[in-house]
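Q: Here it is, the structure, as structure tokens.
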């Protein structure tokens, strides 16, 4: 009999393998679609986060420019005038995250003592400009709103004495636009909760003086309206606690190392490498005049749960199960066919053996019906096989008792 062992498994195994490969392909394709959708949604989310930061800064710049315009349009702005102006802004605008709305005049070196005497005459007998030292120009802080205990620590501080602050102020002076400082530690800071800070400056020019050219702007400078920010408070004022779907870090400049970190949405400013395990992470530059921030937005596990990544593997498992069931069905059918073929071959072999026996042989079923005769039996009984099949054995072959010559019972 032919060997059908290998061919018997060929079709079922082939269907199982093809089904496995096709299901895997569909699963991977679906997974790629989900990854692409995740990436697109994350990019949109990251851009929205950065836009919120930029919008907060833009609104504050508008307020500072308004304050600068107030000075330029007025003959004189007294301390009480500035207090009233700042209070009106606080009542009508969202100033959360802003440490204050302040003013620092430009004081020439030879006018320093006159300036000190003037402020002392306003009711501040202990006022002085610090740090001490002889300089060509000073920008001491004189108006601070709110004038609370924290902000009073900056009263009289000469911002031109610090190179980082002075660089931003000179940029604002020369450009005529608001400018932001690099990372600083605010004078108002005290242990143990010291935060990194930054300062927004808007130049104030003297009335009736032209400011079209660089030289004119430098000659017309009267002082600066500015707002200091504690960077972490600034970020917290934009985004709620436990910000969903993303983590945010703001770096001063292009460097994204802890030394340049301004603020983080992560609790307790966890290490920078915490987000490195995330696949989705964007560093987006945020240009702020002459300055630059890098805003790093990283996806959180909560974001990854928005799209079910199990779905492709459910597709794969379903396809594989269907392929397995189909393979088993075909294997069962082929097994049945093989059994039928084996039975047919067995019967053919039995028929050959049956016909080749030298004695007369009649085959019957359990009820005595004739199911076969070999040629010798046909000759002996005189019944052709075709006619004998199905008849009772007594009709085809009558047994006679040897002694009585009567039909055997």
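The values are calculated or read from the model by the stated rules, or taken from the named source; none is laboratory data. Computed from a predicted structure; not experimentally measured. In this analysis, Cβ positions are derived from the backbone assuming ideal geometry, glycine residues included, and neighbour counts consider all displayed protein chains.
Q: Give me a count of the residues in the stretch 213-238 that are at pLDDT 95 or above and assigned to a helix (DSSP H, G or I).
A: 7
Q: I'd like to verify a number: residues in the stretch 70-82 that are part of a helix (DSSP H, G or I) and either touching a strand residue (DSSP E or B) at 6+ places or on another chain (Cβ under 8 Å) or surrounded by 14 or more Cβ atoms within 10 Å (Cβ to Cβ) (or both), how many? Let's see the steps before the verdict.
A: Of the stretch 70-82, the ones part of a helix (DSSP H, G or I) are 70-73, 79-82.
Filter again for either touching a strand residue (DSSP E or B) at 6+ places or on another chain (Cβ under 8 Å) or surrounded by 14 or more Cβ atoms within 10 Å (Cβ to Cβ) (or both), leaving 70-72, 79, 81-82.
Of the residues in that region, 6 qualify.
Q: Would you check which residues across the stretch 190-206 are surrounded by fewer than 23 Cβ atoms within 10 Å (Cβ to Cβ) and in contact with a helix residue (DSSP H, G or I) (Cβ under 6 Å, 6 or more places away or on another chain) and list them?
A: Answer for the stretch 190-206, where residues must be surrounded by fewer than 23 Cβ atoms within 10 Å (Cβ to Cβ) and in contact with a helix residue (DSSP H, G or I) (Cβ under 6 Å, 6 or more places away or on another chain): 195, 196, 205, 206.
Q: Here's something else I'd like to know. Exactly one of (1) out of contact with any helix residue (DSSP H, G or I) (no Cβ under 8 Å at 6 or more places or on another chain); (2) buried (at least 16 other Cβ atoms within 10 Å of the Cβ); (3) not in a loop (DSSP other than H, G, I, E, B) is unmet by residue 169. Its number?
A: Condition (1) is where residue 169 drops out.
Q: Checking the structure you have, find out if any residue of the stretch 52-63 is more than 30 Å from residue 232 (Cβ to Cβ) and either modelled with pLDDT under 90 or part of a helix (DSSP H, G or I) (or both).
A: Within the stretch 52-63, not a single residue is more than 30 Å from residue 232 (Cβ to Cβ) and either modelled with pLDDT under 90 or part of a helix (DSSP H, G or I) (or both).
Q: Related question: So residue 272 fits all but one of (1) within 30 Å of residue 197 (Cβ to Cβ); (2) modelled with pLDDT under 75; (3) out of contact with any helix residue (DSSP H, G or I) (no Cβ under 7 Å at 6 or more places or on another chain); what number is the exception?
A: (3)
Q: Within the stretch 43-57, is there a residue that is closer than 28 Å to residue 207 by Cα, surrounded by 17 or more Cβ atoms within 10 Å (Cβ to Cβ) and over 23 Å from the mean Cα position of the chain (by Cα)?
A: yes
Q: For the stretch 102-152, name all the residues that are at positive phi and in contact with a strand residue (DSSP E or B) (Cβ under 9 Å, 6 or more places away or on another chain).
A: 133
Q: Evaluate the following for residue 360: is it farther than 30 Å from residue 37 by Cβ and at pLDDT below 70?
A: So residue 360 passes the test.
Q: Taking residue 89, is it in a strand (DSSP E or B) and either free of Cβ contacts under 8 Å to residues at least 60 places away in the same chain or under 43 Å from the mean Cα position of the chain (by Cα) (or both)?
A: No: the conditions fail for residue 89.
Q: When only residues in the stretch 123-155 that are exposed (fewer than 12 other Cβ atoms within 10 Å of the Cβ) and closer than 22 Å to residue 85 by Cα count, which is modelled with the lowest pLDDT?
A: Taking the candidates together, the pick is 149.
Q: Check residue 289 against each of (1) touching a helix residue (DSSP H, G or I) at 6+ places or on another chain (Cβ under 8 Å); (2) surrounded by fewer than 17 Cβ atoms within 10 Å (Cβ to Cβ); (3) at positive phi; (4) at pLDDT 80 or above and name the one condition it does not meet.
A: Failing condition for residue 289: (4).
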